[in-house]
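Notes to accompany the following structure.
The values are calculated or read from the model by the stated rules, or taken from the named source; none is laboratory data. This structure is a prediction, so every number in the text was calculated from the model and none was measured. As a convention, Cβ positions derive from the backbone with ideal geometry for all residues, glycine included, and neighbour counts pool all protein chains shown. For the accessible areas, the whole protein counts, side chains as well, though only heavy atoms, and no ligand, DNA or RNA atoms are used. Shrake-Rupley method; radii C 1.70, N 1.55, O 1.52, S 1.80 Å.
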Amino acid sequence: MFGTLIRIAMRNLLAHKLKSFIVGGILVFGTMLVLLGAALLGSIEASMAESITGSVSGHLQLASSKGKDQLVLFPGPLDGNEIGVIEDFPKVRARLEALPEVRAVLPQGFDYAMIFAANLIDRKLANMRTLRGKGELETYRPVRDHVRRIVELLDRDIQRIRGVIDLDKDDGARRGAEDVHHAAQPEFWADFEENFAKRMEFLENKVAQMAIGEDILFIRYMGTDIARFTSTFNRFEMVRGEPIPPGQRGVVLNTLYHEEMLKQKTARRLDKMKDKIAEGARFESDDELREWRRMNVTQYKEISWQLDDAAADRVAEKLRAHLGPAPVEAAEAASPTDDASGPAHAVDGLLRRFLDMDDGNFAARYQLFYDVIAKELQLYRVDVGDTLTIRGMSQGGYMSSVNVKVYGTFRFQGLDKSALGGMVNLMDIVSYRDLYGFVTAEQKAEIKALEKRSGLQEIAAENAEDALFGEDADLAAEASATGFDEFADVDMSKGAAKWNERLTDIVYTQAQIDGGVVRNAAVVLNDPKQLQAARIAIERIAAEEKLPIKVLDWKQASGMLGNFVSVIYAVLLVAILGVFGVALLIINNSMVLSTMERTKEIGTIRAIGGSRRFVLWMFLIESIVLGAVFGAIGVGLGAGIVGWLGNVGIPATNDTLVFLFGGPRMYPWLSGAHVAFALGLVVMVTTISTIYPALLATRVTPLEAMQDKEG
Amino acid sequence: MTQSGGQPGAIVSLDSVYKNYKLGSVEVPALRGIDLAIDAGEFTVIAGPSGSGKTTLLNLVGCVDVASSGTVRVAGEDTGQLSERALTQLRLRALGFIFQSFNLVSVLDAFQNVEFPLLLQGGSTKGERARRVDELMDKVGLGKYKHHRPNELSGGQRQRVAIARALVTNPRIVLADEPTANLDSATGHAIIDLMKELNTTQGTTFIFSTHDPKVMHQAGRLVELVDGQIASIQQLGVDAAPPADPHAPATAQV
Ligand SMILES: Nc1ncnc2c1ncn2[C@@H]1O[C@H](COP(=O)(O)OP(=O)(O)OP(=O)(O)O)[C@@H](O)[C@H]1O
Ligand SMILES: [Mg+2]
């Protein structure tokens, strides 16, 4: 019976070749689309899941069920931050870690903060004061000359800008420009030593602020149980330095953040140029390369003013040897605009020539840059081993601040080039709590004791505590009203440094790490496939034990980013609906026509004893065969394409894609589920589109067979 | 299917059967009071001018239409009392149809067309079906054309496929509405000869309509319709006796 039905179906498809070809074409296309879409999205979802779960979120996230805002790990501008606090985290952790699915539950907290890295002139001025104070005049003088050089460079720059932008409109800017110009005059330096205090004050208060104001940087960090984080999150990998010692305060910086935000700009651009050239880009055809080169040349000062006279001489000598005599250098030296406002060191022109690289000399000059120039520079504004002052806006809205040691740099494997995933830095959770403004009674007492021991007489005890934790709203208001500079003074004073040193030496116990305030927690599972099971188990425990927590999967917790895949799914779905909608209409139409054409045949089948049900099946089977045959062809083609892509990989052309692909290339794969889904869908579509014509066919009476038309 | 009521011994009986067609608001009377009994094994020809009601009568007997009034009994069943599904079953098990325009399923070959009713009936193995189909195809002289599609066969050959299809289930009654109308007269005669031979050898009851006076004379019994009424019934020849050997091979050739 079914054999006959399938035979009739196949024969009918073959008998109407053109129609089958058109309908089949649409079905093949639709099936391919479904298969490709499902495979790509499935692969993206899987790699994204690995990226996010292995680096930041874990498989599930816990947050307080009483929070006002939804927990979002990668927040957009509209996402609120009031997610509440998980009560009694140690209990939650103990209960959940008892579940067989759960590998670990880690406390977490995310926030933004500012880091302060004093700018070059600030640092040099401070250095001058110290050296002169100590009477080390031999070392003092080159520093002073360096400052002079910086001021001269700054002045030249301002004079140049003045020609382009009308600075004089803005009163402040004009006065600033005049101050710098004043400090760049030989007279200012002629009697510098005689008027040291006055001159220094002028430099510190009037001139320093005119130097590039990039002394405030934002940092996004995750506070967590570092020791357990590094052992549970499989994408984490140290790059330089060492991990934060267990239980101690500290940060490790994400390599990408360290490179992108903290590295000397020329060096960073050269690195990026090198990567791009390695990928096959060439100057003449690549706008970005040319733009970076242009910036390197025009901003040669970024290098130049880090060099004191001796270093500048060393660099100039090497560059001259490498570049040889060139008319360009002579022209530069003679250039009236360049030299208008003071003597330029020969290194300036050499640097500009050097940085004007091309395809032929890039490799050699890149090498030379690191061999010669980089050695004279502070390559990173904050580097491994430094102590970093981080200031955050605490929960109450006042400034809080901690000093933490930078132990090293790390990367999340596959995400090293992705800004989305690569910009999260790691901090111990105790410092995080301090920054966020959570202080337990125990901690307070501890701090008090520490203050006494470290002999912190110079700073008022309350003031220090306030600066760090800002507990008292009144004091905080007063503190923030005083501005950053006062804070800087507090932090830089010897006492504070010593005090911070002591603080960094403390080893916190697991109870202290878990016992403090926890805003959200990551749940890492033994097997990611058990996500739903684990979620249900956790929700059951939470309900049974009345734990005020809610459970989100990594996708929900990722906010916009997690929705990304859902959005593409929706787009794909619309496309598929479109294709199959058209297929549905066409198949429906052609089947209705075919019902009419075949009225006599249907009537005959009915007359010789075929039931209505048989007729219904005849049509349904025909559509199922149609769907199956062309679906199979579509699946074959789609699988071929996925297989090919799986071999060559799809390159991630931007940061978002790197993140989504979990690396620089994605190798999509196909699963049985994808094939079953695509085939099921196409058969379903053809079947649905046949229901109406099939019902029409069952209405044909055997009388139709009796009409004596030739058939 | 037991015989209950109607003429005893009759396999088909019509009892004051009327059939009206509605054409808009007008009632067109097609049959006006038909009383007729046909015994098993008869070879009956329905004749009459165009529009006299021959097709209408055969449709009623063939269970593809129902009478406006009166009773139609086929193989013992009152067709007016049967459900759509039961009528389908009756057609499948007790009746065979031969159509004026052959009505083969165009996408199936000759063998598959003949096999088709057996598949609808179900319950047979592939081997059983093949034996039965081969036997009948040989009987109608198409042993060599089993795998030809209808459009690869002549009109006479197609009609012989249709005859084989009508007989493959061993029906008690075979109905044919002008089976020779689309054939030339020589072929038509051969078809009638074949039917007659099958009637004799198998004992199948044949009822068919025709315009052709020559064909009429082949009948065992000739029923003449005029304006929806029986004008005359003539007994022309001897009806088939119960067959000595129902599987005797037929050698009729067109
Ligand atoms: N479906 C129908 N609707 C309306 N009237 C019909 C219908 N079928 C048949 N008739 C009418 O019923 C009458 C009998 O028709 P029928 O087809 O049975 O005649 P017939 O003897 O088979 O004629 P022919 O030799 O031309 O085939 C005719 O007057 C015809 O017009
Ligand atoms: Mg007729």
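Scan the stretch B:155-175 and tell me whether some residue there is at positive phi and within 16 Å of ligand 2 (Cβ to nearest atom). If you could, list the steps in order and put the result at the bottom.
Residues of the stretch B:155-175 at positive phi: B:170.
Next, only the ones that are within 16 Å of ligand 2 (Cβ to nearest atom) stay: none.
Scanning the stretch B:155-175 turns up no residue that is at positive phi and within 16 Å of ligand 2 (Cβ to nearest atom).
Under 7 Å between Cβ atoms, which residue pairs at least 6 apart in sequence (or on different chains) link something in the stretch B:117-128 that is under 16 Å from B:Pro171 (Cβ atoms) and at the interface with chain A (Cβ under 10 Å from one of its Cβ atoms) with a partner that is among the aromatic types (Phe, Trp, Tyr) and open to solvent by less than 70 Å² (accessible area, probe 1.4 Å)?
B:Leu120/A:Phe614
Read through the list (1) open to solvent by 10 Å² or more (accessible area, probe 1.4 Å); (2) within 29 Å of A:Ala652 (Cβ to Cβ); (3) in a strand (DSSP E or B), then give the number of the only condition that A:Met114 fails.
(2)
Could you go through the stretch A:681-703 and let me know if any residue there is within 30 Å of A:Met560 (Cα to Cα), assigned by TED's automatic domain parsing to the domain that holds A:Leu35 and either touching a residue at least 24 places away in the same chain (Cβ under 8 Å) or within 16 Å of ligand 2 (Cβ to nearest atom) (or both).
Filtering the stretch A:681-703 down to residues within 30 Å of A:Met560 (Cα to Cα) leaves A:681.
The next check asks that each one be assigned by TED's automatic domain parsing to the domain that holds A:Leu35; those that pass are A:681.
Filter once more, so that each one left must be either touching a residue at least 24 places away in the same chain (Cβ under 8 Å) or within 16 Å of ligand 2 (Cβ to nearest atom) (or both): A:681.
Scanning the stretch A:681-703 turns up at least one residue that is within 30 Å of A:Met560 (Cα to Cα), assigned by TED's automatic domain parsing to the domain that holds A:Leu35 and either touching a residue at least 24 places away in the same chain (Cβ under 8 Å) or within 16 Å of ligand 2 (Cβ to nearest atom) (or both).
Whether any residue in the stretch B:57-75 is open to solvent by 30 Å² or more (accessible area, probe 1.4 Å) and near ligand 1 (Cβ under 9 Å from one of its atoms) is what I want to check.
No, the stretch B:57-75 has no match at all.
For A:Thr599, state whether it is among the β-branched types (Val, Ile, Thr), over 30 Å from A:Glu279 (Cβ atoms), open to solvent by less than 50 Å² (accessible area, probe 1.4 Å) and over 52 Å from the mean Cα position of the chain (by Cα). Talk me through it step by step, then tell me what you get.
Details: among the β-branched types (Val, Ile, Thr): yes; over 30 Å from A:Glu279 (Cβ atoms): yes; open to solvent by less than 50 Å² (accessible area, probe 1.4 Å): yes; over 52 Å from the mean Cα position of the chain (by Cα): yes.
Spelling it out, A:Thr599 is indeed among the β-branched types (Val, Ile, Thr), over 30 Å from A:Glu279 (Cβ atoms), open to solvent by less than 50 Å² (accessible area, probe 1.4 Å) and over 52 Å from the mean Cα position of the chain (by Cα).
Looking at (1) within 16 Å of ligand 2 (Cβ to nearest atom); (2) within 19 Å of the chain's Cα centre (by Cα), which is the only condition B:Gly76 fails?
(1)
Quick check: anything in the stretch B:143-151 within 16 Å of ligand 1 (Cβ to nearest atom) and open to solvent by 30 Å² or more (accessible area, probe 1.4 Å)? Walk me through how you get there before you give the answer.
Within the stretch B:143-151, the subset within 16 Å of ligand 1 (Cβ to nearest atom) is none.
Checking the stretch B:143-151: not a single residue is within 16 Å of ligand 1 (Cβ to nearest atom) and open to solvent by 30 Å² or more (accessible area, probe 1.4 Å).
Please give the helices (runs of 4 or more DSSP H) falling wholly within the stretch A:520-621 in which 3 or more residues are more than 14 Å from every other protein chain (Cβ to nearest Cβ). Working first, answer last.
Values: elements: A:531-544, A:554-557, A:560-597, A:599-607.
Counting at least 3 such residues, we get A:531-544, A:554-557, A:560-597.
Against the conditions (1) at pLDDT below 90; (2) charged (D, E, K, R); (3) within 24 Å of B:Ser52 (Cβ to Cβ); (4) away from ligand 2 (no atom under 16 Å from the Cβ), where does B:Arg221 fall short? Just the number, please.
Every condition holds for B:Arg221 apart from (1).
I'm told B:Gly141 meets every condition in (1) more than 8 Å from chain A (Cβ to nearest Cβ); (2) in a helix (DSSP H, G or I); (3) touching a residue at least 12 places away in the same chain (Cβ under 8 Å) except one. Can you identify the failing condition by its number?
(2)
Go through A:Leu78, A:Leu106, A:Leu71 for me and flag whichever is at pLDDT 90 or above and assigned by TED's automatic domain parsing to the domain that holds A:Ser400. Write out each step before concluding.
On the way: A:Leu78 fails: at pLDDT 90 or above; A:Leu71 fails: at pLDDT 90 or above.
The match here is A:Leu106.
Just checking, which of A:Ser65, A:Ser57 is closer than 14 Å to A:Ser558 by Cα, among the hydroxyl-bearing types (Ser, Thr, Tyr) and away from every other protein chain (no Cβ under 14 Å)? Show your work before the answer.
Working: A:Ser65 fails: closer than 14 Å to A:Ser558 by Cα.
Matching residue, one of A:Ser65, A:Ser57: A:Ser57.
Can you confirm whether A:Gly663 is within 14 Å of chain B (Cβ to nearest Cβ) and either among the hydroxyl-bearing types (Ser, Thr, Tyr) or assigned to a loop (DSSP other than H, G, I, E, B) (or both)? Walk me through it before giving the result.
Working: within 14 Å of chain B (Cβ to nearest Cβ): no; either among the hydroxyl-bearing types (Ser, Thr, Tyr) or assigned to a loop (DSSP other than H, G, I, E, B) (or both): yes.
For A:Gly663, the condition - within 14 Å of chain B (Cβ to nearest Cβ) and either among the hydroxyl-bearing types (Ser, Thr, Tyr) or assigned to a loop (DSSP other than H, G, I, E, B) (or both) - is not met.
Restricting attention to the stretch B:96-116, which residues are of a type in the set (Gly, Ala, Ser) and either within 9 Å of chain A (Cβ to nearest Cβ) or within 16 Å of ligand 2 (Cβ to nearest atom) (or both)? Can you show your working first?
Taking the stretch B:96-116 and keeping what is of a type in the set (Gly, Ala, Ser), we get B:96, B:101, B:106, B:110.
Those that are of a type in the set (Gly, Ala, Ser) and either within 9 Å of chain A (Cβ to nearest Cβ) or within 16 Å of ligand 2 (Cβ to nearest atom) (or both): B:Gly96, B:Ser101, B:Ser106.
One line per residue, one yes/no per condition, for (1) surrounded by fewer than 20 Cβ atoms within 10 Å (Cβ to Cβ); (2) on the phi < 0 side of the Ramachandran plot; (3) away from ligand 2 (no atom under 16 Å from the Cβ):
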site: B:Val28; (1), (2), (3): yes, yes, no
site: B:Arg32; (1), (2), (3): yes, yes, yes
site: B:Gly41; (1), (2), (3): no, no, yes
site: B:Val45; (1), (2), (3): no, yes, no
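Report the residue count in the stretch B:85-116 for those that are of a type in the set (S, T, N, Q) and open to solvent by 10 Å² or more (accessible area, probe 1.4 Å). Reasoning before the result, please.
Pass one, the stretch B:85-116, residues of a type in the set (S, T, N, Q): B:88-89, B:100-101, B:103, B:106, B:112-113.
From what is left, the residues that are open to solvent by 10 Å² or more (accessible area, probe 1.4 Å) are B:89, B:100, B:106, B:112.
Number of matching residues: 4.
Would you please name the residue that is modelled with the lowest pLDDT, looking only at residues in the stretch A:664-700 that are among the hydroxyl-bearing types (Ser, Thr, Tyr) and open to solvent by less than 60 Å² (accessible area, probe 1.4 Å)?
It comes out as A:Ser671.
For (1) more than 9 Å from chain B (Cβ to nearest Cβ); (2) among the aromatic types (Phe, Trp, Tyr); (3) in contact with a strand residue (DSSP E or B) (Cβ under 7 Å, 6 or more places away or on another chain), each residue gets a yes or a no:
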{"site": "A:Phe2", "(1), (2), (3)": "yes, yes, no"}
{"site": "A:Arg11", "(1), (2), (3)": "no, no, no"}
{"site": "A:Leu14", "(1), (2), (3)": "no, no, no"}
{"site": "A:Gly25", "(1), (2), (3)": "yes, no, no"}
{"site": "A:Gly30", "(1), (2), (3)": "yes, no, no"}
{"site": "A:Leu40", "(1), (2), (3)": "yes, no, no"}
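Going through the stretch A:39-65 one residue at a time, which ones are part of a helix (DSSP H, G or I) and of a type in the set (Ser, Thr, Tyr)?
Within the stretch A:39-65, the first condition is being part of a helix (DSSP H, G or I), and the residues that meet it are A:39-57.
Answer for the stretch A:39-65, where residues must be part of a helix (DSSP H, G or I) and of a type in the set (Ser, Thr, Tyr): A:Ser43, A:Ser47, A:Ser51, A:Thr53, A:Ser55, A:Ser57.
Yes or no: the stretch B:65-83 includes at least one residue that is without any contact (Cβ under 8 Å) to a residue 40 or more places away in the chain and either at the interface with chain A (Cβ under 8 Å from one of its Cβ atoms) or touching a Phe, Trp or Tyr at 6+ places or on another chain (Cβ under 7 Å) (or both).
The answer is no, given that none of the residues of the stretch B:65-83 is without any contact (Cβ under 8 Å) to a residue 40 or more places away in the chain and either at the interface with chain A (Cβ under 8 Å from one of its Cβ atoms) or touching a Phe, Trp or Tyr at 6+ places or on another chain (Cβ under 7 Å) (or both).
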